[in-house]
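Okay, structure first, notes after.
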Amino acid sequence: MKRILILGSTGSIGVSTLDIVREFKDQFSIAGLTIDKNIDLLIEQIDEFKPDAVAVRDRKKADELRKIVGSKCNVFEGEEGIIELSASLDYDILLSSMVGFAGLAPTIEGIKRKKRIALANKETLVAAGELVTSLCEKYGAEMLPVDSEHSAIFQCLIGEEKKNVDKLILTASGGPFLNKGKEELKGVTIADALNHPNWKMGSKITIDSATMMNKGLEVIEAHWLFNLPKERIDVVVHPQSVIHSMVAFIDGSIKAQISTPDMKLPILYALSYPERLEYKKIVTNFSDIGTLSFQKPDAEKFECLKLAYDVMEAGGTAPCILNAANEIAVHYFLEGKISFNKIPELISYALDTIENHKSPNLETIFECNRITRECLNKKFN
Ligand code: MG
(Lines give C-alpha, C1' and ligand atoms only; values in the text may rest on other atoms or scores of the structure.)
Protein backbone atom coordinates (compact mmCIF):
# COMPACT_ATOMS: atom_id res chain seq x y z
CA MET A 1 0.00 0.00 0.00
CA LYS A 2 1.49 3.34 -1.11
CA ARG A 3 0.62 6.46 0.87
CA ILE A 4 0.18 9.63 -1.20
CA LEU A 5 0.44 13.30 -0.30
CA ILE A 6 -1.37 15.41 -2.91
CA LEU A 7 -0.29 19.03 -3.24
CA GLY A 8 -3.30 20.73 -4.82
CA SER A 9 -6.04 18.16 -4.21
CA THR A 10 -8.97 20.33 -5.35
CA GLY A 11 -7.41 21.15 -8.73
CA SER A 12 -8.05 19.12 -11.85
CA ILE A 13 -5.01 16.78 -11.41
CA GLY A 14 -5.72 16.42 -7.68
CA VAL A 15 -9.33 15.40 -8.31
CA SER A 16 -8.29 12.92 -11.03
CA THR A 17 -5.69 11.44 -8.67
CA LEU A 18 -8.36 10.89 -6.03
CA ASP A 19 -10.51 9.17 -8.69
CA ILE A 20 -7.58 6.77 -9.24
CA VAL A 21 -7.12 6.21 -5.50
CA ARG A 22 -10.84 5.43 -5.21
CA GLU A 23 -10.48 2.82 -8.00
CA PHE A 24 -7.37 1.21 -6.48
CA LYS A 25 -8.12 1.20 -2.76
CA ASP A 26 -5.94 -1.85 -2.21
CA GLN A 27 -2.90 -0.13 -3.78
CA PHE A 28 -3.03 3.49 -2.67
CA SER A 29 -4.20 5.55 0.29
CA ILE A 30 -4.16 9.24 1.10
CA ALA A 31 -1.67 10.48 3.70
CA GLY A 32 -2.35 14.17 3.22
CA LEU A 33 -3.99 16.81 1.06
CA THR A 34 -3.10 20.45 0.52
CA ILE A 35 -5.21 23.13 -1.13
CA ASP A 36 -5.36 26.85 -1.80
CA LYS A 37 -8.81 27.71 -0.40
CA ASN A 38 -11.64 25.49 -1.67
CA ILE A 39 -12.51 23.99 1.72
CA ASP A 40 -16.00 22.84 0.65
CA LEU A 41 -14.49 20.28 -1.70
CA LEU A 42 -11.69 19.50 0.77
CA ILE A 43 -14.26 18.60 3.46
CA GLU A 44 -15.77 16.00 1.11
CA GLN A 45 -12.28 14.66 0.37
CA ILE A 46 -11.44 14.43 4.08
CA ASP A 47 -14.66 12.50 4.76
CA GLU A 48 -13.98 10.06 1.96
CA PHE A 49 -10.20 9.57 2.06
CA LYS A 50 -9.45 10.22 5.75
CA PRO A 51 -6.01 11.85 5.44
CA ASP A 52 -3.83 12.19 8.56
CA ALA A 53 -3.40 15.89 7.89
CA VAL A 54 -4.28 18.64 5.43
CA ALA A 55 -2.90 22.11 4.72
CA VAL A 56 -4.84 25.17 3.53
CA ARG A 57 -2.87 28.12 2.15
CA ASP A 58 -5.61 30.66 2.97
CA ARG A 59 -5.38 31.10 6.77
CA LYS A 60 -8.97 32.29 7.23
CA LYS A 61 -10.23 29.22 5.37
CA ALA A 62 -7.92 27.02 7.47
CA ASP A 63 -9.55 28.42 10.60
CA GLU A 64 -13.02 27.77 9.23
CA LEU A 65 -12.03 24.23 8.34
CA ARG A 66 -10.66 23.50 11.83
CA LYS A 67 -14.01 24.41 13.35
CA ILE A 68 -15.78 22.01 11.00
CA VAL A 69 -13.50 18.97 11.10
CA GLY A 70 -12.52 19.26 14.78
CA SER A 71 -10.17 16.47 15.86
CA LYS A 72 -10.91 14.34 12.78
CA CYS A 73 -7.96 15.75 10.91
CA ASN A 74 -4.90 17.89 11.59
CA VAL A 75 -5.09 21.24 9.74
CA PHE A 76 -1.89 23.09 8.80
CA GLU A 77 -2.09 26.60 7.35
CA GLY A 78 -0.32 29.05 5.06
CA GLU A 79 2.47 28.42 2.56
CA GLU A 80 4.66 27.27 5.47
CA GLY A 81 1.97 24.77 6.45
CA ILE A 82 2.09 23.18 3.01
CA ILE A 83 5.90 23.00 3.16
CA GLU A 84 5.78 21.60 6.71
CA LEU A 85 3.35 18.87 5.70
CA SER A 86 5.59 17.89 2.81
CA ALA A 87 8.61 17.89 5.14
CA SER A 88 7.08 15.94 8.05
CA LEU A 89 4.13 13.74 7.05
CA ASP A 90 4.55 9.99 6.61
CA TYR A 91 4.03 9.29 2.88
CA ASP A 92 5.62 7.42 -0.06
CA ILE A 93 4.61 9.48 -3.10
CA LEU A 94 4.37 13.25 -3.42
CA LEU A 95 1.89 14.16 -6.14
CA SER A 96 3.03 17.69 -6.94
CA SER A 97 0.10 19.39 -8.65
CA MET A 98 -0.10 22.89 -7.24
CA VAL A 99 -0.33 25.76 -9.73
CA GLY A 100 2.83 27.68 -10.53
CA PHE A 101 6.00 28.59 -8.68
CA ALA A 102 4.32 27.97 -5.31
CA GLY A 103 4.82 24.23 -5.93
CA LEU A 104 8.62 24.48 -5.87
CA ALA A 105 9.37 24.71 -2.13
CA PRO A 106 7.12 21.84 -0.96
CA THR A 107 8.36 19.65 -3.84
CA ILE A 108 11.95 20.20 -2.74
CA GLU A 109 11.01 18.94 0.76
CA GLY A 110 9.77 15.70 -0.79
CA ILE A 111 13.01 15.37 -2.79
CA LYS A 112 15.12 15.84 0.35
CA ARG A 113 13.22 12.97 1.95
CA LYS A 114 13.94 10.70 -1.06
CA LYS A 115 10.24 10.34 -1.86
CA ARG A 116 8.89 9.46 -5.27
CA ILE A 117 7.87 12.77 -6.86
CA ALA A 118 4.98 12.46 -9.33
CA LEU A 119 5.40 15.81 -11.03
CA ALA A 120 2.46 17.64 -12.57
CA ASN A 121 3.77 21.05 -11.53
CA LYS A 122 6.02 21.80 -14.52
CA GLU A 123 6.84 25.28 -13.18
CA THR A 124 9.11 23.58 -10.60
CA LEU A 125 11.43 22.40 -13.39
CA VAL A 126 11.05 25.56 -15.47
CA ALA A 127 12.03 27.93 -12.67
CA ALA A 128 14.66 25.75 -11.00
CA GLY A 129 15.43 22.84 -13.32
CA GLU A 130 19.18 22.65 -12.77
CA LEU A 131 18.85 22.84 -9.02
CA VAL A 132 15.91 20.45 -8.72
CA THR A 133 17.50 17.77 -10.93
CA SER A 134 20.78 18.00 -9.02
CA LEU A 135 18.89 17.69 -5.71
CA CYS A 136 17.11 14.58 -7.04
CA GLU A 137 20.50 13.12 -7.86
CA LYS A 138 22.04 14.13 -4.54
CA TYR A 139 19.24 12.64 -2.43
CA GLY A 140 18.38 9.77 -4.77
CA ALA A 141 14.76 10.89 -5.18
CA GLU A 142 12.89 9.56 -8.18
CA MET A 143 10.98 12.08 -10.31
CA LEU A 144 8.25 10.71 -12.56
CA PRO A 145 6.37 12.93 -14.99
CA VAL A 146 2.59 13.31 -14.76
CA ASP A 147 2.47 15.75 -17.66
CA SER A 148 1.00 13.60 -20.48
CA GLU A 149 3.74 14.48 -23.02
CA HIS A 150 6.55 13.67 -20.61
CA SER A 151 4.87 10.50 -19.42
CA ALA A 152 4.69 9.47 -23.09
CA ILE A 153 8.39 10.15 -23.64
CA PHE A 154 9.28 8.38 -20.38
CA GLN A 155 7.34 5.33 -21.55
CA CYS A 156 8.91 5.41 -25.05
CA LEU A 157 12.40 5.49 -23.49
CA ILE A 158 11.96 2.36 -21.40
CA GLY A 159 14.40 -0.31 -22.58
CA GLU A 160 16.31 2.17 -24.76
CA GLU A 161 19.83 3.51 -24.38
CA LYS A 162 20.28 7.25 -24.27
CA LYS A 163 22.98 7.16 -26.96
CA ASN A 164 20.40 5.83 -29.41
CA VAL A 165 17.97 8.72 -28.93
CA ASP A 166 17.96 11.28 -31.71
CA LYS A 167 15.08 13.59 -30.77
CA LEU A 168 12.09 14.06 -28.53
CA ILE A 169 8.95 15.16 -30.35
CA LEU A 170 6.39 16.85 -28.11
CA THR A 171 2.90 16.99 -29.49
CA ALA A 172 0.74 20.08 -28.94
CA SER A 173 -3.00 20.39 -29.47
CA GLY A 174 -2.52 23.97 -30.68
CA GLY A 175 -5.23 25.13 -28.25
CA PRO A 176 -8.41 27.00 -29.13
CA PHE A 177 -6.70 29.53 -31.44
CA LEU A 178 -4.90 27.15 -33.76
CA ASN A 179 -6.88 28.32 -36.76
CA LYS A 180 -7.04 32.02 -35.94
CA GLY A 181 -4.76 34.58 -37.60
CA LYS A 182 -2.29 36.61 -35.54
CA GLU A 183 -4.40 39.77 -35.93
CA GLU A 184 -7.50 37.97 -34.68
CA LEU A 185 -5.75 37.09 -31.40
CA LYS A 186 -6.01 40.73 -30.29
CA GLY A 187 -9.75 40.50 -29.92
CA VAL A 188 -10.18 37.12 -28.22
CA THR A 189 -12.08 37.02 -24.92
CA ILE A 190 -11.29 35.26 -21.65
CA ALA A 191 -14.09 32.76 -22.37
CA ASP A 192 -12.61 32.03 -25.84
CA ALA A 193 -9.19 31.38 -24.31
CA LEU A 194 -10.63 29.13 -21.59
CA ASN A 195 -12.41 26.98 -24.13
CA HIS A 196 -9.79 24.27 -24.75
CA PRO A 197 -10.77 21.79 -27.49
CA ASN A 198 -9.45 18.56 -25.88
CA TRP A 199 -8.60 18.92 -22.20
CA LYS A 200 -10.59 20.15 -19.23
CA MET A 201 -7.99 21.77 -16.95
CA GLY A 202 -7.47 24.61 -14.49
CA SER A 203 -7.57 28.19 -15.79
CA LYS A 204 -3.81 28.90 -15.63
CA ILE A 205 -2.77 25.92 -17.75
CA THR A 206 -5.70 26.46 -20.12
CA ILE A 207 -4.54 30.00 -20.88
CA ASP A 208 -0.97 28.67 -21.21
CA SER A 209 -2.30 26.23 -23.80
CA ALA A 210 -4.04 29.03 -25.70
CA THR A 211 -0.79 31.06 -25.89
CA MET A 212 1.21 27.84 -26.42
CA MET A 213 3.35 28.89 -23.46
CA ASN A 214 2.34 25.53 -22.01
CA LYS A 215 4.31 23.81 -24.79
CA GLY A 216 7.21 26.18 -24.22
CA LEU A 217 7.24 25.30 -20.51
CA GLU A 218 7.05 21.64 -21.50
CA VAL A 219 10.09 21.90 -23.77
CA ILE A 220 12.04 23.26 -20.79
CA GLU A 221 10.57 20.54 -18.56
CA ALA A 222 11.63 17.87 -21.11
CA HIS A 223 15.12 19.34 -21.28
CA TRP A 224 15.58 18.81 -17.52
CA LEU A 225 13.76 15.50 -17.22
CA PHE A 226 15.52 13.80 -20.12
CA ASN A 227 18.76 15.76 -20.22
CA LEU A 228 18.73 16.70 -23.91
CA PRO A 229 19.55 20.09 -25.47
CA LYS A 230 16.78 22.25 -26.91
CA GLU A 231 17.96 21.55 -30.48
CA ARG A 232 16.86 17.95 -29.96
CA ILE A 233 13.41 18.74 -28.60
CA ASP A 234 10.84 19.44 -31.33
CA VAL A 235 7.21 20.46 -31.14
CA VAL A 236 4.58 19.32 -33.61
CA VAL A 237 0.95 20.41 -33.56
CA HIS A 238 -1.38 17.43 -33.41
CA PRO A 239 -4.91 18.71 -32.80
CA GLN A 240 -6.47 15.34 -31.81
CA SER A 241 -4.13 14.88 -28.78
CA VAL A 242 -4.13 11.11 -29.30
CA ILE A 243 -0.36 10.77 -29.72
CA HIS A 244 0.89 12.15 -26.41
CA SER A 245 4.50 12.52 -27.64
CA MET A 246 7.22 10.59 -29.46
CA VAL A 247 10.87 9.65 -29.35
CA ALA A 248 12.91 9.43 -32.58
CA PHE A 249 15.94 7.11 -32.56
CA ILE A 250 19.18 7.32 -34.52
CA ASP A 251 18.16 4.54 -36.90
CA GLY A 252 15.10 6.51 -38.02
CA SER A 253 12.62 4.56 -35.95
CA ILE A 254 10.04 6.53 -33.94
CA LYS A 255 8.10 5.36 -30.89
CA ALA A 256 4.85 7.04 -29.88
CA GLN A 257 2.61 6.62 -26.85
CA ILE A 258 -1.05 6.73 -27.78
CA SER A 259 -4.44 6.82 -26.04
CA THR A 260 -7.68 8.71 -25.82
CA PRO A 261 -6.71 11.94 -23.99
CA ASP A 262 -7.30 11.35 -20.26
CA MET A 263 -4.97 12.61 -17.53
CA LYS A 264 -5.82 9.61 -15.37
CA LEU A 265 -3.51 7.52 -17.52
CA PRO A 266 -0.25 9.43 -16.88
CA ILE A 267 -1.27 9.86 -13.21
CA LEU A 268 -1.86 6.14 -12.77
CA TYR A 269 1.44 5.31 -14.44
CA ALA A 270 3.42 7.71 -12.24
CA LEU A 271 1.83 6.10 -9.17
CA SER A 272 2.15 2.46 -10.25
CA TYR A 273 5.49 2.52 -12.13
CA PRO A 274 7.25 0.16 -12.82
CA GLU A 275 4.02 -1.86 -12.63
CA ARG A 276 0.98 -1.33 -14.83
CA LEU A 277 -2.41 -1.73 -13.18
CA GLU A 278 -5.45 -3.02 -14.98
CA TYR A 279 -7.77 -0.10 -15.76
CA LYS A 280 -10.62 -0.54 -18.19
CA LYS A 281 -12.01 2.98 -18.27
CA ILE A 282 -9.74 4.48 -20.90
CA VAL A 283 -10.68 3.00 -24.24
CA THR A 284 -9.00 4.02 -27.49
CA ASN A 285 -10.91 3.15 -30.62
CA PHE A 286 -8.97 4.04 -33.76
CA SER A 287 -11.87 3.73 -36.14
CA ASP A 288 -13.80 6.25 -34.02
CA ILE A 289 -10.81 8.62 -34.03
CA GLY A 290 -10.51 8.36 -37.82
CA THR A 291 -7.82 10.87 -38.68
CA LEU A 292 -4.63 11.99 -37.00
CA SER A 293 -3.14 15.16 -38.39
CA PHE A 294 0.06 17.14 -37.85
CA GLN A 295 1.37 20.60 -38.61
CA LYS A 296 4.23 22.91 -37.79
CA PRO A 297 3.62 25.35 -34.91
CA ASP A 298 3.29 28.96 -36.08
CA ALA A 299 6.18 30.63 -34.24
CA GLU A 300 5.15 34.09 -35.36
CA LYS A 301 1.63 33.76 -34.00
CA PHE A 302 2.58 31.90 -30.82
CA GLU A 303 5.37 34.16 -29.58
CA CYS A 304 5.40 32.50 -26.14
CA LEU A 305 6.75 29.27 -27.60
CA LYS A 306 9.69 31.16 -29.10
CA LEU A 307 10.30 32.99 -25.81
CA ALA A 308 10.61 29.64 -24.05
CA TYR A 309 13.29 28.45 -26.50
CA ASP A 310 15.06 31.83 -26.06
CA VAL A 311 15.28 31.53 -22.26
CA MET A 312 16.74 28.03 -22.60
CA GLU A 313 19.48 29.55 -24.69
CA ALA A 314 20.00 32.35 -22.14
CA GLY A 315 20.02 29.96 -19.15
CA GLY A 316 20.57 31.17 -15.57
CA THR A 317 17.49 32.79 -14.07
CA ALA A 318 15.94 33.64 -17.48
CA PRO A 319 13.51 30.67 -17.32
CA CYS A 320 12.53 31.70 -13.78
CA ILE A 321 11.81 35.26 -15.03
CA LEU A 322 9.79 33.88 -17.95
CA ASN A 323 7.78 31.67 -15.61
CA ALA A 324 7.03 34.39 -13.06
CA ALA A 325 6.19 36.96 -15.74
CA ASN A 326 3.89 34.46 -17.43
CA GLU A 327 2.06 33.73 -14.16
CA ILE A 328 1.49 37.45 -13.60
CA ALA A 329 0.49 38.11 -17.22
CA VAL A 330 -2.01 35.23 -17.19
CA HIS A 331 -3.41 36.51 -13.89
CA TYR A 332 -3.98 39.99 -15.33
CA PHE A 333 -5.47 38.56 -18.51
CA LEU A 334 -7.94 36.50 -16.43
CA GLU A 335 -8.81 39.66 -14.47
CA GLY A 336 -9.60 41.43 -17.74
CA LYS A 337 -6.78 43.95 -17.27
CA ILE A 338 -4.78 43.08 -20.39
CA SER A 339 -5.65 41.71 -23.81
CA PHE A 340 -4.52 38.25 -24.88
CA ASN A 341 -1.74 39.48 -27.18
CA LYS A 342 -0.19 41.49 -24.33
CA ILE A 343 0.83 38.28 -22.53
CA PRO A 344 4.04 37.72 -24.58
CA GLU A 345 4.70 41.45 -24.56
CA LEU A 346 4.76 41.59 -20.75
CA ILE A 347 7.01 38.54 -20.58
CA SER A 348 9.46 40.09 -23.08
CA TYR A 349 9.44 43.28 -21.03
CA ALA A 350 10.35 41.34 -17.87
CA LEU A 351 13.12 39.44 -19.67
CA ASP A 352 14.56 42.71 -21.02
CA THR A 353 14.31 44.51 -17.67
CA ILE A 354 15.40 42.00 -15.04
CA GLU A 355 18.99 40.90 -14.70
CA ASN A 356 19.83 37.28 -15.49
CA HIS A 357 21.94 35.50 -12.85
CA LYS A 358 23.99 32.52 -14.01
CA SER A 359 24.08 29.27 -11.95
CA PRO A 360 21.55 30.50 -9.38
CA ASN A 361 21.14 28.88 -5.97
CA LEU A 362 17.70 28.43 -4.42
CA GLU A 363 17.80 31.81 -2.71
CA THR A 364 18.57 33.57 -6.00
CA ILE A 365 15.67 31.78 -7.66
CA PHE A 366 13.20 32.82 -4.96
CA GLU A 367 14.53 36.39 -5.15
CA CYS A 368 14.27 36.41 -8.96
CA ASN A 369 10.69 35.16 -8.76
CA ARG A 370 9.82 37.89 -6.25
CA ILE A 371 11.49 40.71 -8.21
CA THR A 372 9.81 39.70 -11.48
CA ARG A 373 6.38 39.72 -9.86
CA GLU A 374 7.05 43.05 -8.20
CA CYS A 375 8.31 44.55 -11.47
CA LEU A 376 5.16 43.58 -13.37
CA ASN A 377 2.73 44.30 -10.53
CA LYS A 378 4.05 47.87 -10.48
CA LYS A 379 2.70 48.33 -13.98
CA PHE A 380 -0.83 47.63 -12.75
CA ASN A 381 -1.00 49.25 -9.30
MG1 MG B 1 1.08 18.57 -21.00
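Structure above, values below:
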| quantity | calculated |
| --- | --- |
| Probe 1.4 Å, protein heavy atoms only - accessible area per residue of segment 150-313 in square angstrom | 47 Å² |
| Positive minus negative residues near Ile4 (Lys, Arg vs Asp, Glu; Cβ under 11 Å) | +3 |
| About the Cα centre, charge dipole magnitude for segment 150-313 (Lys/Arg +1, Asp/Glu -1 at Cβ), debye | 280 debye |
| Carbon + sulfur, % of accessible area of the chain - ligands and nucleic acids excluded, 1.4 Å | 49 percent |
| Intensity falloff of segment 315-381 expressed as log10 I(q)/I(0), Debye formula with alpha-carbon point scatterers, at q = 0.13, 0.18 Å⁻¹ | -0.32, -0.59 |
| Anisotropy class of segment 61-181 from Cα gyration tensor, a/c 1.5 cut | oblate |
| Surface accessible to a 1.4 Å probe, Arg276 within the full protein complex, Å² | 150 Å² |
| Antiparallel DSSP beta bridges within the chain, percent to nearest 5 | 25 percent |
| Helical mean residue ellipticity (222 nm; -39500 (n - 2.57) per DSSP H run of 4+; nearest 500) of the chain | -14500 deg cm²/dmol |
| Which listed pairs, of Lys112/Lys379; Lys255/Lys280; Lys115/Lys306; Lys264/Lys337, have C-alpha distances above 27 Å, in listed order | Lys112/Lys379; Lys115/Lys306; Lys264/Lys337 |
| Accessible-area ranking of Phe154, Phe294, largest first, probe 1.4 Å | Phe294, Phe154 |
| Student exercise, the chain dipole from Lys, Arg, Asp, Glu Cβ charges, in Debye to nearest 20 | 300 debye |
| Solvent-accessible surface (1.4 angstrom probe) belonging to Cys73, in square angstrom, nearest 10 | 10 Å² |
| Dipole axis of the chain (+1 Lys, Arg; -1 Asp, Glu on Cβ), positive-most option in Phe380, Thr260, Gly14 | Gly14 |
| Pairwise centroid distance, computed over Cα atoms, of segment 51-121 with segment 233-259, Å | 35 Å |
| Residue-normalised accessible area of segment 315-381, expressed per residue, 1.4 Å probe, Å² | 47 Å² |
| Given charges at beta-carbon only (K, R positive; D, E negative), |dipole| of segment 1-114 in Debye | 180 debye |
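The values are calculated or read from the model by the stated rules, or taken from the named source; none is laboratory data. For clarity, every value in this text was computed on a predicted model and none was experimentally measured. With ideal geometry, Cβ positions are generated from the backbone for all residues, glycine too; neighbour counts draw on all protein chains shown. Just the protein is used for accessible areas: all its heavy atoms, side chains included, with ligands, DNA and RNA removed. Shrake-Rupley method; radii C 1.70, N 1.55, O 1.52, S 1.80 Å.
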